[in-house]
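Peer 1: The following block contains the structure, expressed as structure tokens.
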Amino acid sequence: MKSAARFEIAPGIGLADAICDIVSTGSTLLSNGLKEVDVVMQSEAVLIATPQLALAKRQILDRLLFRIDAVQSAKKQ
């Protein structure tokens, strides 16, 4: 986040009139006095695994999926 924050201060210090940024929550924008004015593009991430994934790697993948599910469930609450 540190590198992104450097760009987000640019309008406040006169280096830019606007920025284009990847935003998930918008909290960094708000903390720098900025607001979203237009959506340039919507995107998504896709996780793909082979059915023949080795057991050790499958266990890592299962932990990752558990954490992703937990975050998504928490956001719904």
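Peer 1: Measure of size requested: the Rg and Dmax of the chain, with Cα atoms as the atom set and Å as the unit; please supply both.
Peer 2: When restricted to the Cα atoms of the chain, Rg and Dmax are 18.1, 54 Å.
Peer 1: Separate question: Counting Lys +1, Arg +1, Asp -1, Glu -1, what net charge surrounds A56 among other residues with beta carbon under 12 Å of its beta carbon?
Peer 2: +2
Peer 1: How far apart, in nm, are the 7 Å Cα→Cβ label points at R67 and T50?
Peer 2: 2.4
Peer 1: Per residue, how much accessible area does the chain show when a 1.4 Å probe rolls over the protein heavy atoms, in square angstrom?
Peer 2: I get 94 Å² per residue for this part.
Peer 1: Just grab the label-to-label distance for V39 and F7, each label 7 Å out from Cα along the Cβ direction, in nm (one decimal).
Peer 2: Spacing of the two 7 Å Cα→Cβ label points: 1.9 nm.
Peer 1: Let me cross-check S27: its accessible surface, 1.4 Å probe, with only protein heavy atoms counted, in Å² to the nearest 10?
Peer 2: Rounded to the nearest 10, the figure is 70 Å².
Peer 1: Taking amide H positions as placed 1.01 Å from N in the peptide plane, with prolines and chain starts having none, which residues 5 or more places from A10, or on another chain, fall under 5 Å of its amide H?
Peer 2: Here nothing satisfies the definition.
Peer 1: With charges set only on the Cβ (+1 for Lys and Arg, -1 for Asp and Glu), what does the dipole of the chain come to about its Cα centre, in debye to the nearest 20?
Peer 2: Result for the chain is approximately 500 debye, rounded to the nearest 20.
Peer 1: For helix 55-76, report the angle its Cα long axis makes with the longest principal axis of the Cα atoms of the chain; keep it between 0 and 90° and round to the nearest 10°.
Peer 2: 50
Peer 1: Once neighbouring chains are kept in place and the probe is 1.4 Å, which whole percent of the accessible area of the chain is contributed by carbon and sulfur?
Peer 2: Of all accessible area on the chain, carbon and sulfur atoms account for 58 percent.
Peer 1: Using a Cα distance threshold of under 26 Å, what count of lysine pairs results for the chain when pairs must be 8 or more residues apart or interchain?
Peer 2: 4
The values are calculated or read from the model by the stated rules, or taken from the named source; none is laboratory data. Note that the coordinates shown come from a computational prediction; the quantities given were computed from them, not determined experimentally. Please note: Cβ atoms are built from the backbone with ideal geometry, for glycine as well, and neighbour counts cover all protein chains shown. Note: accessible area is taken over every heavy atom of the protein model, side chains too, but ligands, DNA and RNA are not part of it. Shrake-Rupley method; radii C 1.70, N 1.55, O 1.52, S 1.80 Å.
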